[in-house]
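Written below as structure tokens is the structure these notes are about.
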Amino acid sequence: MGVPWRPILFTMAAASVARSIETLPDRFIGSPLTARYRLNVDDLATDVLIDPRSCELRAPGDLCDAEISTDSRTWNAMDAGRLSGIEAFATRRLVIRGSIERSLHFEPSFERPEGGGVSYALHMLPAGRCRISALVAGPRHAPPLLLIHGLGATKASWLTVVGRLAKHHRVIAVDLPGFGASSKPNASYDARWFAERLLQMLDELGYPSAVVAGNSMGGRVAMEMGMRAPDRIEGIICLCPATAFSNRPALALARVARPELGLLVGRLPRSHVMNGLRGLFADPSRLHHTWYEAAIDDFLATWRSPRARVAFFRALRHIYLDEPLGENGFWKRLSALQMPAMYVYGRHDILITHHFSKKVARHLPHAEVSVWRDCGHVPQIEFPERTSELMLDFLSRTSSAVERMEAG
């Protein structure tokens, strides 16, 4: 059964937090998960056990699914609705260990007042035979903005900018099928397949059109959506996007390689994942070590799934096999895009060279293309304020252009 929770209070701040936590079972509105959360607010530690129908407080035990740590001032702001957990996490006022996905489910499981903080919900949305996990935030009737993560990542890679973007837009941050909490069917996992699933998801949400932003492989999917449904995509924002490679020395090997071999790739040493993750940034020290730990926890939790590993290797293979040339090649198709487009590349990106910026500018002369000299592969994490400001400026101008077209 566990030990009942009894707070030991030493300060007025601790007493206020304890009273707030005591009311959590009364404010519980349900959850799709069964999970044990550990709340650490200053020196006060509490385990919160939830299932779809109940919430119970317990003294800290040995194991938990996710650990959420913050200070009393931040907790009280969140409890009053003035701040969301997403905003606190993005500004390093809240630390997560264990599953980021499960941590995201904590806040929407409880009633809280509308105090100006960003509210969000998590949904499992049908898209053909798939189910897509989506974090939806922002005013219900605001212009929709779809955020797509890169290879091996999840919607959590956008948490650093969701709070700012959701002040003005209806943000939909997804786990692509095969990744994160989304379903993992036996599928091709190429850009066309991803694009079709996301267009189906937008149908389910009732959005005839949207602006789409993607990082890395997500940028390639955003471009594919624009190519396949130009009447539905109002604009694209591509952060260090994957594009078709002209130089493919291992093409023959990639064509015969079987993604199912990913089933054999089991345990990944945590140190290897850490080194790979730090290599994505021009200056790894810009990110607090707790962010790396949370990201690795989430990645390894997904990697344990054999289906997730197959999806990863199938998607990786298709990035390499993407045909660059010819009438149906990527670059010819890209040249036909007419919607507003913005591209950002990092000079220190070790995965997607910034030299692609010149090629994009040649094939898409109306696009806004920039290279950040101090950035790596994931601008929205390394420079969240700069990224969100640039995106909001682009979105404002794109929205004005769409309104003028509709008025005309």
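The values are calculated or read from the model by the stated rules, or taken from the named source; none is laboratory data. In this text the structure is predicted, and so the values were computed from the model without any measurement. Heads up, the Cβs are rebuilt from the backbone with ideal geometry, glycines too, and the neighbour counts pull from every protein chain shown.
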Fill in: Flag if residue 134 is closer than 30 Å to residue 44 by Cα, small (Gly, Ala, Ser) and either crowded, with 24+ Cβ neighbours inside 10 Å or in contact with a helix residue (DSSP H, G or I) (Cβ under 9 Å, 6 or more places away or on another chain) (or both)
no
Worksheet item: Got a number for residues in segment 63-89 being under 16 Å from residue 114 (Cα atoms), surrounded by 19 or more Cβ atoms within 10 Å (Cβ to Cβ) and in contact (Cβ under 8 Å) with a residue 40 or more places away in the chain?
Response: 6
Worksheet entry | Criterion: over 19 Å from residue 387 (Cα atoms), touching a residue at least 12 places away in the same chain (Cβ under 8 Å) and not assigned by TED's automatic domain parsing to the domain that holds residue 38 - qualifying residue of 162, 221, 212, 171 | 221
Item to complete: Could you tell me whether residue 97 is closer than 22 Å to residue 175 by Cα and of a type in the set (Lys, Arg)?
Response: yes
Discussion item. For segment 100-120, give me each residue that is of a type in the set (S, T, N, Q) and farther than 16 Å from residue 20 by Cα.
Written reply: 103, 119
Worksheet, complete the sentence: Within segment 276-291, of all residues that are surrounded by fewer than 16 Cβ atoms within 10 Å (Cβ to Cβ) and free of Cβ contacts under 8 Å to residues at least 40 places away in the same chain, the one nearest to residue 374 (Cα to Cα) is 285
Item to complete: Hey, can you tell me all the residues within segment 55-102 that are under 17 Å from the mean Cα position of the chain (by Cα) and under 18 Å from residue 27 (Cβ atoms)?
Response: 84, 85
Worksheet item: Does residue 74 qualify as being in a strand (DSSP E or B), in contact with a helix residue (DSSP H, G or I) (Cβ under 6 Å, 6 or more places away or on another chain) and not assigned by TED's automatic domain parsing to the domain that holds residue 384?
Response: no
Fill in: Output for segment 90-129, where each listed residue is in contact with a helix residue (DSSP H, G or I) (Cβ under 8 Å, 6 or more places away or on another chain), touching a residue at least 60 places away in the same chain (Cβ under 8 Å) and either among the aromatic types (Phe, Trp, Tyr) or part of a helix (DSSP H, G or I) (or both)
90, 100, 101, 103, 106, 110
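Here is a yes/no grid of residues against (1) surrounded by fewer than 19 Cβ atoms within 10 Å (Cβ to Cβ); (2) free of Cβ contacts under 8 Å to residues at least 60 places away in the same chain; (3) assigned to a loop (DSSP other than H, G, I, E, B); (4) under 24 Å from the mean Cα position of the chain (by Cα):
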| site | (1), (2), (3), (4) |
| --- | --- |
| 351 | yes, no, yes, yes |
| 365 | yes, yes, yes, no |
| 377 | no, no, yes, yes |
| 387 | no, no, no, yes |
Discussion item. Checking the structure you have, find out if any residue of segment 331-342 is surrounded by 18 or more Cβ atoms within 10 Å (Cβ to Cβ), part of a strand (DSSP E or B) and either among the aliphatic types (A, V, I, L, M) or in contact with a helix residue (DSSP H, G or I) (Cβ under 8 Å, 6 or more places away or on another chain) (or both).
Written reply: yes
Worksheet entry | The lone exception for residue 145 - which of (1) of a type in the set (A, V, I, L, M, F, W, C); (2) closer than 24 Å to residue 291 by Cα; (3) not assigned by TED's automatic domain parsing to the domain that holds residue 50 it fails | (2)
Item to complete: Tell me which of these residue 145 doesn't satisfy, since it passes every other one: (1) surrounded by fewer than 19 Cβ atoms within 10 Å (Cβ to Cβ); (2) closer than 26 Å to residue 334 by Cα; (3) touching a strand residue (DSSP E or B) at 6+ places or on another chain (Cβ under 8 Å).
Response: (1)
Worksheet item: Just one of the numbered conditions (1) closer than 27 Å to residue 373 by Cα; (2) in contact with a Lys or Arg (Cβ under 6 Å, 6 or more places away or on another chain); (3) touching a residue at least 60 places away in the same chain (Cβ under 8 Å) is not true of residue 319; which one?
Response: (2)
Discussion item. Test of understanding: among 33, 9, which residue is part of a loop (DSSP other than H, G, I, E, B), among the aliphatic types (A, V, I, L, M), modelled with pLDDT under 95 and more than 19 Å from residue 96 (Cα to Cα)?
Written reply: 9
Worksheet item: What is the residue count in segment 65-99 for residues that are touching a strand residue (DSSP E or B) at 6+ places or on another chain (Cβ under 8 Å), over 20 Å from residue 23 (Cβ atoms) and among the β-branched types (Val, Ile, Thr)?
Response: 3
Discussion item. Considering only residues that are part of a loop (DSSP other than H, G, I, E, B) and under 18 Å from residue 298 (Cα atoms), which ones fall in segment 139-171?
Written reply: 149, 150, 151, 152, 153, 154
Response to the item:
Note on segment 42-54: residues within 26 Å of the chain's Cα centre (by Cα) and crowded, with 20+ Cβ neighbours inside 10 Å are 48, 50
Worksheet item: Which of (1) touching a strand residue (DSSP E or B) at 6+ places or on another chain (Cβ under 9 Å); (2) outside any strand (DSSP E or B) does residue 136 not meet, given it meets every other one?
Response: (2)
Fill in: Residue list for segment 346-392, restricted to those being under 15 Å from residue 241 (Cβ atoms) and small (Gly, Ala, Ser)
346, 357, 361, 367, 370, 376
